[in-house]
Amino acid sequence: MKILVINCGSSSLKFQLIDSESEEVLAKGLCERIGIDGALTYTPAGGEKEQYEKAMPTHSEAITYVIEALTNEKTGVIKSLDEIQAIGHRVVHGGERFTSSVVITDEVKAEIEACNDLAPLHNPANLIGINACEKLIPSAKAVAVFDTAFHQTMPPKAYLYGLPYEYYEKYRIRKYGFHGTSHSYVSKRCAELLNVPYDSVKTIVCHLGNGASISAVDRGKCVDTTMGLTPLEGLIMGTRCGDIDPSVIEFICNKEGISPSEAMTVLNKKSGVLGLSKGLSSDFRDLQGAADSGNEFAAGAIESFCYSVAKHVGSFAAAMNGVDNIVFTAGIGENNCIVREKVLEYLTFLGITIDKEANAVRGEEITISTPDSLVRVMVIPTNEELAIARETAALV
Ligand code: AMP
């Protein structure tokens, strides 16, 4: 079955066409600057990357160009739209209603819309993508795969904040967690690679990208995660501050003469390693380069990030009363051996010893701890699109 995986942002749309039997990516691409001017990149399997500038006032035009690219005579990979049997949509927030992926119906769309206030930037964009695909590819069944669903197994002691309980009852204010598709894929893949039952191991997944989160997966169930009501909680990230004392917000507002919503923009977009490096960069490649040339703020930002990761891994080892596997994934987790080494140095108390040669290998599923390490440490590249395609195939 050919499955189109769609990941809609407010001004972007990433797509992959995946053959669910062979799990081969037939084509992939990205529409950017939707609503501004519009650009499409498209790469068919085994072919060259193509780039076009196209007017994309809305996501509908973007999807029209995606269809055009997939079906064009020269570099298209399908003859007609009928070949796309299903569409898997990444949806950011499923609230408490969605504990797994679902086939999209009008009722499901209404419930996704009801979660809009929990993810005001993302869920409306996801719905626009769902509606545009429904209009332009009506023959394909559509499935919603939620970023939050995997974390719905957390117990109340993990997801409740220490706030008046009525806020949970009235507004469902609680920890939800994000990157669930990645945490689920990577923790399952870890058990598969080790040839052990998923429900027999305790695994901590460190999804370290520009957005970063950690989850504790205790014998097949997520029991805690670092992101919260929104993706702002937890680790220090590329531009997000992660955990801070909430009093900081009122303090900044008073000192800088800004509104709470302006302060939230600072916490989401100007903080994290970008803020700590005095605005140098949110990208770890830039930070590493600057640190190597003696920039103490860049070096300090990397150190704070690694400390933040190690501290949360330690707390999740306590939450599960032990840990068998720690897995690194996403942009930084997969590619930055210096960050991995620094994080693991903090964790030698867990009996971890690192295999430095293996840690230097890139782009592979690999164990980077030594055979006598008490906890196995692995790098497993994440594949959220494949995970979405698998969920979609299973449901249709
Ligand atoms: P993500 O959000 O998962 O795309 O991750 C973005 C982060 O991963 C950035 O801070 C990059 O510095 C880092 N990253 C991504 N790809 C590479 C790479 N090939 N080599 C080193 N760092 C990378």
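The values are calculated or read from the model by the stated rules, or taken from the named source; none is laboratory data. What you see is a predicted model; the values in this text were computed from it and never measured. Reconstructed Cβ throughout: ideal geometry from the backbone, glycine too, with neighbour counts over all protein chains shown. Ligands, DNA and RNA are stripped out before the accessible areas are found, and what is left, the full protein with its side chains, is counted by its heavy atoms. Shrake-Rupley method; radii C 1.70, N 1.55, O 1.52, S 1.80 Å.
Here the simple spin-label model places points 7 Å from the Cα toward Cβ, and for residue 22 and residue 37 these points are separated by 3.7 nm. Carbon and sulfur atoms: what percent of the 1.4 Å accessible area of the stretch 295-338 do they account for? For the stretch 295-338, the apolar C and S fraction of the accessible surface comes to 54 percent. Per residue, the chain exposes 46 Å² of solvent-accessible protein surface, assessed with a 1.4 angstrom probe and all protein chains in place.
Computing FRET efficiency as 1/(1 + (r/R0)^6) for residue 106 and residue 169, where r is the C-beta to C-beta distance and R0 is 25 Å, gives about 0.35. Each listed q (0.23 Å⁻¹) maps to a log10 I(q)/I(0) for the stretch 246-323 from the Debye sum over equal C-alpha point scatterers, namely -0.95.
For residue 172, the solvent-accessible surface with a 1.4 Å probe is about 90 Å², rounded to the nearest 10.
When the alpha carbon gyration tensor of the stretch 74-117 is reduced to an equivalent ellipsoid, its three semi-axes come out at 30, 11, 9 angstrom, largest first. The length gained on full extension between residue 45 and residue 362, counted as 0.36 nm times the residue separation minus their Cα-Cα distance, comes to 111.9 nm.
Ordering of 1-13, 125-137 by packing is 1-13, 125-137, highest average first (other Cβ atoms within 10 Å, averaged per residue).
A quarter of the convex hull surface defined by the alpha-carbon atoms of the stretch 1-57 gives 3.9 nm² as the mean projection. Run the simple label-point estimate for residue 293 and residue 249 please: 7 Å along Cα→C-beta, distance reported in nm. In this crude spin-label approximation the distance works out to 3.8 nm. If you take the beta carbon distance between residue 198 and residue 311 as r and set R0 to 25 Å, what does 1/(1 + (r/R0)^6) give as a FRET efficiency, to the nearest 0.05? In this case the efficiency is close to 0.40.
From the Cα gyration tensor of the chain, with a ≥ b ≥ c the square roots of its eigenvalues, which class applies: rounded if a/c is under 1.5, or else prolate if a/b is larger than b/c, or else oblate? Rounded, since a/c falls under 1.5. What number, in percent, do you get for the relative contact order of the chain if the mean sequence gap of Cα pairs under 8 Å and at least 6 apart is divided by its residue count? Rounded, it is 14 percent for the chain. Rolling a 1.4 angstrom probe over the stretch 95-217 with all protein chains present gives an accessible area of which 54% lies on carbon and sulfur atoms.
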